[in-house]
Amino acid sequence: MNEHKRNVRVRLTTVNDGRKSIVDTDGAAYLRGGHTYIRYQETSADLAGVTTTVKLEEGGVSVIRQGAVRAEQRFVPNGIAVGYYETAHGSFPLETKTGAISVRFEGGVGVASWSYELWVGGAEAGRFQVNLDVQEAEEAG
């Protein structure tokens with residue numbers, strides 16, 4: 001299957017223990033092999049130079065980071081998945097216990113949401129609610 005690229009606007013909202021963080025940036029959507037990939041540059045200072053790719057598929061969601069930080073988190077509906085988080089200072093195993101996942105995407109745009117519990121190096125790190133909203137980028141005119 002050919003890869004189809006589309007310019008998009010990405011809004012990723014994460015709530016952890018009542019604290020909300022929002023990434024609102026331009027990105028690209030790719031359709032490949034029956035999966036949707038959303039790619040964007042991180043906007044927070046602690047993730048400067050990091051590219052994030054969100055892979056949306058029938059069996060769940062994956063978040064892959066590459067750059068100064070390398071990480072992979074997998075989210076499986078009502079399941080547990082393992083991943084990793086690597087920096088220049090060390091590497092940590094990640095484990096996610098995910099509840100329900102909702103993914104409604106068509107042609108690289110749509111919405112997804114999921115909630116999960118995170119363990120880092122075997123220690124509980126919190127409960128998170130994630131909402132991903134990807135829309136067609138407005139053309140500059």
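The values are calculated or read from the model by the stated rules, or taken from the named source; none is laboratory data. Because the structure is predicted, anything quoted here is derived from the model rather than measured. Backbone-built Cβ (ideal geometry, glycine too); neighbour counts: all protein chains shown. Heavy atoms of the whole protein, side chains included, go into the accessibility calculation; ligands, DNA and RNA do not. Shrake-Rupley method; radii C 1.70, N 1.55, O 1.52, S 1.80 Å.
Miscellaneous remarks
- Taking only Cα atoms of segment 1-54, radius of gyration then Dmax in Å: 13.0, 42
- Semi-axes of the equivalent ellipsoid for the chain, Cα gyration tensor, largest first, Å: 24, 18, 15
- Full-extension gain in nm, ALA123 to SER21, via 0.36 nm per residue minus C-alpha separation: 34.5 nm
- Stretched out straight at 0.36 nm per residue, the stretch from ALA28 to SER102 would grow longer than its current Cα-Cα span by 24.6 nm.
- Amide proton proximity set for GLY79, modelled H, under 5 Å, gap of 5+: THR98
- Ranked packing of 91-98, 80-87, most packed first, by mean Cβ within 10 Å: 91-98, 80-87
- The simple spin-label model puts a point 7 Å past each Cα toward its Cβ; for THR43 and THR14 those points are separated by 1.4 nm.
- Taking N as its residue count, the alpha carbon Rg of segment 63-141 over 2.2 N^0.38 Å: 1.30
- Residue-by-residue Karplus 3J(HN,Hα) for segment 44-58, coefficients 6.51, -1.76, 1.60, Hz, glycine and proline x: 7, 4, 6, 10, 4, x, 9, 9, 10, 10, 9, 9, 10, 8, 4
- For the chain, the solvent-accessible area with a 1.4 angstrom probe is 57 square angstrom per residue.
- Protein heavy-atom surface of the chain, 1.4 angstrom probe: 47% of the accessible area is carbon and sulfur, with nucleic acids and ligands not counted.
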